[in-house]
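Q: Sharing a structure here in C-alpha cells format.
Just so you know, all these numbers are worked out from the coordinates, no wet-lab data involved. What you are looking at is a predicted structure, and each value in this text was computed from that prediction instead of being measured. Neighbour counts run over all protein chains shown; Cβ positions are idealised from the backbone, glycine included.
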Amino acid sequence: MRKNTVFQTIMMIVLIMATTLLIKIPLPTRGYFNFGDVAVVFAGLTLGAPIKKNGLRIDNDHGIWLAFLAGGIGSALADVIGGFAIFAPMTFIAKALECAWAALASTTKGMFHFLALVLGGAFMVLTYYAFESLTPSIGLQGSFSEIIPNLIQAAGGFLGGKIIFIASRQLLTKEK
C-alpha cells in the first residue's frame, strides 16, 4: 500500500469526524442532522476511485476496505468525542457500510453507480433502525421515528458527497 493512500485514508477519517462534529442541527427526536454523510459519501467515492497512472486505469483493489474503515472510524470517533459513545458501535457499522458502497459506486457507471450509492444510504438507515430497535432506551417505536430523518440524512449525503466529488475531480483535471 502506498504512503499517499494511507495518508489520504487518514485525512478522510479526520474530514468525516470534523464535518460530523462541527455543524449539528438538533432534531425534535433524539439525534441531529450533520454534514458527516456528505463527507462519508465523498470519502467513499474518492478512496474507491480507480487510480490513473501514465494514462492507464488501475483498479484500486483495497479502496473499498479503506473506505469501510474511514467511514466507520471517522463517524464513530465523532460519536465518542461528541458525547454519544453508546451509539459509536452502531455508527461504525452504519457509516462504514455507507462509505464502502460509495467506494463500490466509484468503480461503476450508469445505473449501477446510482444503485450502489442508494444502497449505501439504505444500509445506513437499516443499520440504525435495527440497532436502535434493540436498544432498550429507544425500542421499536423510537427507531421507527428515526427512519425519515435518517433517509433525509442519507439523501443529503448522496447529493452533497457526489457534488463535491465531481467538483474535486474537475479541479484536479484542470490543474494537469
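Q: Have a look at Gly160, Gly83, Gly48 and tell me which one the Gaussian network model of the chain (Cα, springs below 10 Å) gives the largest fluctuation.
A: Of Gly160, Gly83, Gly48, the Gaussian network model singles out Gly83 as fluctuating most.
Q: Can I ask one more? Can you work out the base-10 log of I(q)/I(0) for the chain at q = 0.14 1/Å, using the Debye formula on its C-alpha atoms alone?
A: At q = 0.14 Å⁻¹ the computed log10 ratios are -0.69.
Q: Determine, for the chain, the count of lysine pairs separated by eight or more sequence positions (or lying on different chains) whose alpha-carbon distance falls under 21 Å.
A: 14
Q: Right, next: Is there a quick way to get the dipole size of the chain? I mean about its Cα centre, with the Cβ of Lys and Arg at +1 and of Asp and Glu at -1; what is the value in debye to the nearest 20?
A: About 760 debye.
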